[in-house]
Structure formats: structure tokens, C-alpha cells
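A.B. asks: The structure's right below; bear with me while I get my questions together.
Bear in mind these aren't lab numbers, they're just calculated from the coordinates by the rules spelled out. On a predicted model such as this, the values are computed, not experimentally measured, just so you know. Backbone-built Cβ (ideal geometry, glycine too); neighbour counts: all protein chains shown.
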Amino acid sequence: MYALVPSPSGSAVPATESVWQSPEVVAAYIIGAITLVGFLVTYLTMHFQRRLAQERAEADDRLARERAKWESRQQQTAAAEAEQKTEEAKQRRLLLAADDRERTALEYKASLISELKALRVLDMAKPLDLNALYVQVKIREDESRRYVAEEEIEALAAGHPAALLDATAARTVAKHAEAVPPEDALTRYQHVVVLGDPGAGKTTMLKHLAFRICKGEISGLTGVPIFVELRRFIDSGMADILEFAIKDCADKYGFAGAGDYVRERLTNGTAALLFDGLDEVLGGSEAAQATDAYRKAAGEISRLCARYPKAPIAVTCRRAGFNGGLDRFQILEVLDFTWDQSRRFLENWFAGRQPEFRDLVNSLNRNVRMKTLAANPLILSLIAIVYENDLELPERRSELYNRCVEVLLKEWDSKRGIRRYSQFTTDRKRDLMEELAWHFHVQGKRYFPESEVLSMIRAFLPTIGLSDASPADVLKEIAANYGLVKEQATGWYGFWHLTIQEYFAAVWANEHFSETRDHLLAHRHDPWWEEVLLLLAGRMSDATDLLLGIAGITDRDAPLTVPLVPDDDVVHRDLLLMGECLLAAPRIRHPELRGRISESLWQIAQSSAYTETVDQALRILVVLGEKNRLNEISGRFLSKDVDLGARFSIGRVIGQCGDESFVASVLDQAIGGDFSPASSFILQGAHERGFRSAGVLALKGVERLAADGELPAYHYGLDDFLRTLGDVDGEVALDWVRVLLPRVLEAKKGKDDFATAAVGAVCAKVAAQQNAYDLAEAVRAAAAVGQASIIGGTDYLLGILGLHRPGEESVVADAIAELRIYPSEELKSKLAPFWTDAIQSAVTSRFLASRGEISWNTFDLLDVAPTRSELIRDLLRNGLVARADMTEALAVLLAHDGDHRARRDVRNSFRRRLLSKDLDFGLVSRQARVLVDIGLTDFVVNQVADFISSADSTDGRDVANLYRSILLVPDTRLDSIADLLWSALERFTPVLASSDERFVEVVSALTCNATVGRVLRIELPESFYRVYSIPGSKLRDRLVATVDAESLPHIVALAAKFDTGSLMDWADGLASVLLRLNYRLYPDGRLEPAVPQGPASRWTSTS
């Protein structure tokens, strides 16, 4: 068992004994043990220090956020106090110059300003500054309810829910185009009633109107505003509303002797009556009392309108609570916010706190439902309050929606002390709305016939002991008091917002899950039910049965495997849906289920051929934020063994969805490692989301990228880091520009490199931002080294024009004449501020000196020059354009500018070139575009059709020009000549088949929406199928957008023709078709609708 070694005495002893008897060995072991212990202590100490440092950094960050919030509030308070002092000083000056009555009126207005300025929303502890927060609402003439046919109302509600929400937002924007500010409407109409939904901003609008009248800021509305809460008038018991208003002015604001003064001002039209909340008088314990109160208020307002016809009068009222009675008034409606208005409101709310503002805006941008809900100012305020308290939106969207419902049902009135007449409790109203929502959602209806709603209410009332109540009165009460259900057209009702219908349907489904389970699972991939399912998952006390049902697992006790879904389709829709349910933060009592879903998602994130599948799986995992999984994701991103495309996807998702600590950690490691260009995607996300760490990491990245003597091979990420640094700290970025620009110049020599040009362009931008004129010469030199890429050239052009100093115009003209730019209307608008007369003169001189050597680069510059017509005429008049094609091209620009002679010349030239088969594509394409722009689309289509009809398959020029000619026709008009295109394809196929490249080009161009199906059904040469995998292929794009369910099997057959390498190019197109048509493709080739077909389904294969 032991090896024997000789002892000094010659006898044998066990080796182990001899070893341990050696002092040196024992000492070595002791030293080793001490070293190991020391290493462990050092490691644990460093680990503890790192952890402590991390916790300290997180604490510092939290403290910095709180300090920034506190400082912002202090600044706002200081600014408000300064403004108040200025206003008080102004009022004191006016008081000194006024007589007693005017002095009293000025004091009244000062008191009213002070009260109106403090805006308190819901249960906020501290009021907001009305003037600082307010975003101007718009109003327009109200559209009276009209009768619509069932087919019309169904058409309005058809389509994907996201499309319906986008359409709602688009309609709001369209309405704003014909809307006006409230003060303009009051000036124009004199007497107005402004209607709107609950929380639409009616009261705030009226207060801001009074505020501005007090301050004398509205032309045509001067004098004194009298702000009256109609509810308080009814509660006072007074009979005369003007007497109430005068008494209120005296009691509340100390306006002694207001009576004569106000009546005099009303008579001459220099006092405005602002009546708030006509619907809020509908109180009392009986319906008759509510009706009497309304009639009293409306009658008093009408009396004042007749008594003081010159006085401006505005009344606000909820739409459903308006029962007429104001015949002399113009009826207007207040519009929801557009997204731009919502952004401005949040920017005002988070003034001085850009990171919070940007993060909330990004959160709303990622959720179309919350974004459209935010069009209501009250709900937007609620979202801002919730976010401000937690610095994030709730994990469970259902919690936020529930809060919105509670605010509209209870809090909004109770916080303001408003009591409305009601036949039954709020909880019972919720029960009714949940039942309505489920009933109509199952039918796929967004809008409901009034008769069917009344029938359901009639059946519901006996269940709560109200058999004698009138269903019509109950429906009117719900619509008038809360606005959650509203009349959409005469005889048609619907929920205020589709999201509210989905929320109530989810609540019903949760309370009746055993009854609703089968329907929900059968329609789990119907877009109409997607949000309901996700909201349901977040509300359930145990979502295990729902999740196992999605996976098709019937035995709750069966062992779970990976992949989790035994029969999922190729894009893993069931598994991804389970992952989306996890994001709803459900409770899951099954001990393994959550982990198996996560593990399966990670598996497909590494192996799927479908980009959308990979991105969605990664997004779910990053948002879930499980520590071990995040480590795996960051490890894959940082690994040099992973291909760059996969790292791009991971970086994009991390930047867009990761929390700040995770984003900063991964980016920091990337900068310290191989620094893949995919890192720029993480930085972009961090910068867009307002992360404080973005600037620090941008600087660190620039330092790392600039550390080498030359720009590294992957420096095309440098422009993102430099751009971010420029936005965060322009002066520091400028210092690095001075370091980097010489290297950009060196790298540019002798090559047309996009990456280097992009870095140089950012250098120019940063220099221009910082007014760094000393860099102007270097930037001009950068532009002159070779020809910049198109994108880089555009940015150089803007940079150079922004940097030049007076007297340098000729040098600028020489430099920009060498640039390649992509002409566009956007670039033209950006050039306008820089395009001075001196620049115009220098460019003219430069072109006139060219003596006929005008290049297409020069032409592109002329295409965007804000003033060009006279220059072009000078060039043509002096015979300085030698080339005929350039002369014709310059005529195109003149034609676009409205020159009638040039338009005639362009038309004749276009016809001549097609007839003579001289298709200089650069020229004729420009001619076609301008002819379409000036309304001659039919002319272009007819000329091309004549060319195709007469094209000879034996004529080499026709073969070459066939592809070019079809590109002259706008895509929207291709279907009008579909038969002609198909005929040409049949005629030319024998000739084209001998040339793979030409065949691919022509078939791609000739295939329009109306011929896609035919192309898929004919036998084509094998080489043709390459057209589907060419990035940017028009044919592939048309297939994705237009192929129908009948042609879908042919698309699937196409996918089988590709090898593994090219499948990646085609896979995303195939996935898009499957998702658009809502079909599922399984690994064994089965193709099935994702939603059961039939009358019960809202979504069909042709949707």
C-alpha cells in the first residue's frame, strides 16, 4: 500500500512517514496553506470590496436621482417664486395708477391668478404650476351623432387591434388639422359649449383661459374673467347665477363692490363668464332632482347670454352629460392629445429631469395601448404620477389599467367633492361592464348595437335586485357619469378605449376561468385576444393551468422537458406567448414551470433561424432579468466565438430592454474586452433611454477606440460613441475630435470608406455644435480627400456650411463640389439656414468656372440648393453645359420649380427617349419622378406601357431596357398594367433564362401585387429563386406584403429550395408572411390556420 524508501539505518520505512518527517516538506505545506488562506482572504476581501463598491455606486446613483429631483423641484419653486414676485410688482405698479374700482379689480385678478396657478391632480401632495405644466388643447366644431349602417361600423372596427389603435391616433391628428386654440374659438363664436370625455382637460383649459385673461395675454379677450363652478352654484341654493358669481368674487377673493363693476363690464363685453362642469350638477338622490338642477343651470346661462350679448361665455360639459338647453351657443369638442402634445406634457412634468422623461417616453413608445391611453390628459397625469413614485411603470399592466378605471369610476369625482345621481353602486357597474366586455369581445365587436346592450342590462338588473330600473336610464347614467362606455354613433355604443374593453374582458375571464379556458386557448394566437390573455395571466392567483394549456400539456404532474412545447411551429409562437405571459408577472405555483420556460427561450434564442423569434426571446429574457440568464446572455455577447450578426441582435436587445445596471455592466466589459462594433447598439439604447451612464461609457469607448495609433478595423462604431459624447459633453467630445480628425484624414486617403466618412462627419457635427471654427480647415480637407461616401458626404456638407467663416465661401464651394450626397427634401430643409447669398454667389462662380464640366455630384448639390433656378438658367443661357443629358437633367429641376417651358421640355424628352429606346436610367428616372410629382402619372404609365408592348425579345436593347422601364412606374400603379407585365414576362422568359442575372432583375421588377400568385405557380429556372434571397429584393418585399393564403403553400415550397446558408435571408420573409396571414408552419411541413375558422372567430386567413 505504501512505497518503501531506504532509511538512514538501511531498513525500509513507508514513504509517507519519511516525507512527513522532513522539516522542509512540512514547512512547505504550512507555507502553502498560509498562502492559500491568504489568497482566499484576499479574494473574499476583493469580492466584498467590489460588492460594497457596487452597492455604494447604486446608492450614489439613487441619491443622485433624488438630489436631481429635489434640485429640479427647488429650481421650479425658485422660478415660480421669481415669476410671482415679478407679477406682484407689475400688479403693484398697476394698482398705483388705478382708481379705487380698478384697484379692487386688479387685486381680484391677482388673487385669481394665485389660485388658478396651483394645479392639483388626484392625490398629489404638492400642487403643480399650471402655467409651467399646461399644454394647449385644441377644440373644433362638434360632430353631431349620426346614423350609420352596420357595415360601416364593422369596417371601422376591422383589423388588427394595434392597427385600430394607430388609426385612432391618426384620426386625432387629422382632427387637429382643423382645430383651433380655445381663445380663438371664444373670440370667433362669443358663446361656446366645450364638450369632452372625462379627464380630457376641460376644466384645466378653462382655468388656463381665465389665467391668461387675467394677465392680459389674449388679444380680443381683455378685462375680467368670472370663473364659476356650476356645482357650487347649485349647492348654494341661490336662484340667480350672476348674483352667486358676484358674491363668490367678494367672499372668496375680496372683490368688494364687484356687482356694478361686473355688470358694467359684461354689458360692454370686457368681462368673460367661464362656467365649468355643466354635467357636474347632475346630483341628488333622484333622477328628477338631477334633471331640475341641469335645467336650472342651463336656464341661468341662457338668461345671461340674452342679457349680455357682448360678453364672451364659455361652458364646459362632459359629452354624454350634455342635454342641450343652450341654443345660442356654438357646440365644440375638446380633442385628445396627439403624441407630440403628450410628449410636451411629460417634458413639462419632468422639467430638468431628462433621464426620467426620456425613459418614460420610451416605455410608452414600446406599448401602443398605453401610448394611446396617454392621449387623455388625466390618464397621462396618472401615468406620470405612478412612474414618478416608482421610476418605472407597474410590472403588471392590469394594475395600471385597474388604477385608470378606479380613477374614472370613483376618484376623479370624489377628489373634487362631486356627487352624481346613481341607481346602483360602483362595484355593480364594474360587474356589468365586465359582462358587456366579455360578451362583445367573444363576438369580435368593438362597437355594439344599442338594442343588444339594453337587452343585456335588462337581464343583469334583476340579479342585483333592480328589476324595476329602466335599462335605458342605466345605460345613460353609465355613459354620462363615467365615460367608460360611450355612444359612438346613433344606436351604437362602445368602450371609451379598446384597452378598457380588453381589461374588463380579462377580469371576467379570470373570475370564470373554467368556462372561458377553452375559448381563450383556441384563440391564443388571434391578435384580438392577445392583450386579454396577457392581462389574464397577470391577474390569476395561479397561471399554471393557462401556461400548460398554451404548451398543449394536459397532465399537470407530467415531467417538463426542454424544449417545453412538444408540438410548436417553426417560429415557436406558443413558447414565445408563454414568455410574454411571464412578463405579465403572474403567480405560478408549479415548481419547475417558470424555469423550463426560461430555459426553452434561451435555447431558441441561440438556435432559431428567424430573427424576429431570436429578438423576441432575448427581449423576454432580458426584461425578466433572471441573474443567471443575464450572465449567459452577456457571456454570449462578449464571446469572440459568436458570429457578429448574433452579437448585433443581442446588443440591440440589451440596449433597448435591459435595466441601467445591466446595460452599463455589459458595455463596460465590452469596452475592456474585444470591443465588438455591436457595442454601439447597446450605447444607442442607453443614450436614447436617458441613462446617466451613457456619457461616461461613451467617453470610455472613445478613449479605447482612439488608443491605437491608427483607427481600428471596426471603427465604424466610433461615430456612435463620439456622437453620444457630443450630446452629453460637447467640449470633451471636441477635444477628442482634435485627436481623431488627423487619423480620419489619413484613413480616407485613396479609398471611399463609409465608416471613416461617418466618423469624419460626426467630427464635423461636434465641431459645428461647439462653434469650433478652428476646425473648419481640417473638416474641409477631410471632405477633399477622395470622395466621401453618400451618407458621409451629406453630413460633411452640413458640417462645412455650419463651420465656415465670412470670406471663406469660395473655399467652401471648392470643397463641397467634390462631395457625393443623396438629394432629399429633408437635406434641402437642413441646408436652408446655411445657404446665404454669399454661399450662393460662391457656388455660382464655381459652377460658371467649370466650363461644361458639371458632374452628377454637382447636379445632386443643385437638386438640394434652396435657390437654384437662376443659377441653372445662367448655366444654360451661357452655353456652359456641354452634355445634352445634363441639359435635360437641369430642365428637370426647373420643371420641379414650376417652369412651364421646362415641364414641356421634360415631357417631350421623356417620350422621345422611350420611343428611341435610349434609356439613360439616371436621367429618365429623374424625369419620371418629376412628371409624377406635377400630376402626369398617367402619362408616365402610358409611355412605359407602350414601350413594353412594342418591346422585341430579339432586340438586345429592349432586353436590357425592360428592367429599367418598369422601374419608372410608381409601385402603386403596377397593378393597373399587370396583364401587360405578365405578357412581357412570358415573351421574354426564353431569352432571359440564358442570363441568370438579367432574368432575376426583370422578373423581380415585372412582378407586381397582381402577378405574384402567377409567378409562384409556374415552373421557373432554378436560378430564378435567388431573387427571393437578395436583400432588398422588390419581389420578396411584395410577397411578404401581399401573398394570400391560397399562395402560401407555394411560399413554403420556395423556402425548401434554399440551403441552410441562404435560408437566413429568406426565413424572416417567410415568418412575416406566416404572421400576417396568421398561419402556423410546423417542422414536418404541416400548414394550419393559427385561429379556428368560422363565425365565432374575428380573425380569418384573409384578414
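A.B. asks: Let me check against my output: what whole-number percent is the relative contact order of segment 422-511, with C-alpha pairs under 8 Å and at least 6 apart?
C.D. replies: Worked out over segment 422-511, it gives 38 percent.
A.B. asks: Also, I was wondering about something else. Expected output is a single nm value to one decimal: the length gained when fully extending between THR425 and GLU399, i.e. 0.36 nm times separation in residues minus the C-alpha distance. What is it?
C.D. replies: My answer for the length gained is 7.2 nm.
A.B. asks: Let me ask another. Pull up all non-local amide H partners of ALA272: gap of 5 or more, or a different chain, and H-to-H distance under 5 Å with H placed in the peptide plane.
C.D. replies: Sorted by chain and number, the residues that satisfy this are VAL224, ILE226.
A.B. asks: Convex hull over the Cα atoms of segment 884-935, averaged projected area in nm²?
C.D. replies: For segment 884-935, the mean projected area of the Cα convex hull comes to 3.1 nm².
A.B. asks: So for segment 884-935, taking the charge dipole from beta-carbon charges (+1 Lys/Arg, -1 Asp/Glu), which of SER916, VAL932, GLY898 sits furthest toward the positive end?
C.D. replies: SER916
A.B. asks: Next up: Quick one: length gained pulling LEU915 to GLU243 fully straight, 0.36 nm per residue minus the C-alpha distance?
C.D. replies: So the chain would gain 233.4 nm between LEU915 and GLU243.
A.B. asks: Rg and Dmax of segment 243-306, using alpha carbons, in Å: what are they?
C.D. replies: 14.1, 41
A.B. asks: Give me Rg over Rh for segment 453-583, both radii from the alpha carbons and Rh done the Kirkwood way, two decimal places.
C.D. replies: My calculation of the ratio gives 1.10.
A.B. asks: Check which residues have an amide H placed less than 5 Å from GLN330's amide H, if you skip close sequence neighbours.
C.D. replies: For GLN330, whose amide H was placed from the backbone, the distant partners under 5 Å are HIS191, VAL192, VAL193.
A.B. asks: Going 7 Å from the Cα of GLN606 in the Cα-to-Cβ direction, what parts of segment 545-572 have a backbone nitrogen less than 14 Å from that spot?
C.D. replies: Only 562-563 pass the distance filter.
A.B. asks: Between THR222 and GLU870, what is 0.36 nm times their sequence separation minus the Cα-Cα distance? Round to one decimal in nm.
C.D. replies: Length difference between fully extended and current span is 228.3 nm.
A.B. asks: How large is the charge dipole for segment 258-357, taken about the Cα centre, if only the Cβ atoms of Lys, Arg (+1) and Asp, Glu (-1) carry charge, to the nearest 20 debye?
C.D. replies: Roughly 340 debye, rounded to the nearest 20.
A.B. asks: Taking just the alpha-carbon atoms of segment 292-346, what radius of gyration and Dmax come out, in angstrom?
C.D. replies: 15.2, 43
A.B. asks: If all Cα-Cα distances of segment 422-511 are sorted into 10 Å bins from 0 onward, what percent lands in each bin, rounded to whole numbers?
C.D. replies: P(r) for segment 422-511, in whole percents per bin: 17, 57, 26, 1.
A.B. asks: If you place +1 on the Cβ of every Lys and Arg and -1 on the Cβ of every Asp and Glu, how big does the dipole about the Cα centre of segment 884-935 come out, in debye to the nearest 20?
C.D. replies: That gives segment 884-935 a dipole magnitude of about 260 debye.
A.B. asks: Sequence gap at least 6, Cα distance under 8 Å: using those rules, report the relative contact order of segment 221-296 to the nearest whole percent.
C.D. replies: With pairs under 8 Å counted, the relative contact order is 41 percent.
A.B. asks: Let me ask something additional. Put a dot 7 Å past each Cα toward the Cβ at ALA163 and ALA472; how far apart are the dots in nm?
C.D. replies: Result: 3.8 nm between the two label points.
A.B. asks: Another question about this same structure. Listed highest first by mean packing, meaning other Cβ atoms within 10 Å per residue, what order do 376-382, 937-943, 1084-1090, 642-648 come in?
C.D. replies: Ranking the peptides 376-382, 937-943, 1084-1090, 642-648 by packing returns 376-382, 937-943, 642-648, 1084-1090.
A.B. asks: Right, another one. Highest first, please rank the peptides 401-410, 425-434 by the mean number of other Cβ atoms sitting within 10 Å of their residues.
C.D. replies: Ranked by mean Cβ neighbours within 10 Å, highest first: 401-410, 425-434.
A.B. asks: Relative contact order of segment 360-513, please, whole-number percent, based on alpha carbon pairs below 8 angstrom and at least 6 residues apart.
C.D. replies: 24
A.B. asks: Here is a follow-up. Using per-residue counts of other Cβ atoms within 10 Å, averaged over each peptide, order 1067-1080, 524-537, 167-180 from highest down.
C.D. replies: 524-537, 1067-1080, 167-180
A.B. asks: Apply the Karplus curve 6.51 cos²θ - 1.76 cosθ + 1.60, θ = phi - 60°, to the phi angles in segment 1075-1081 and return the couplings in whole Hz, x for Gly and Pro.
C.D. replies: Coupling constants for segment 1075-1081: 5, 5, 7, 6, 10, 10, 10 Hz.
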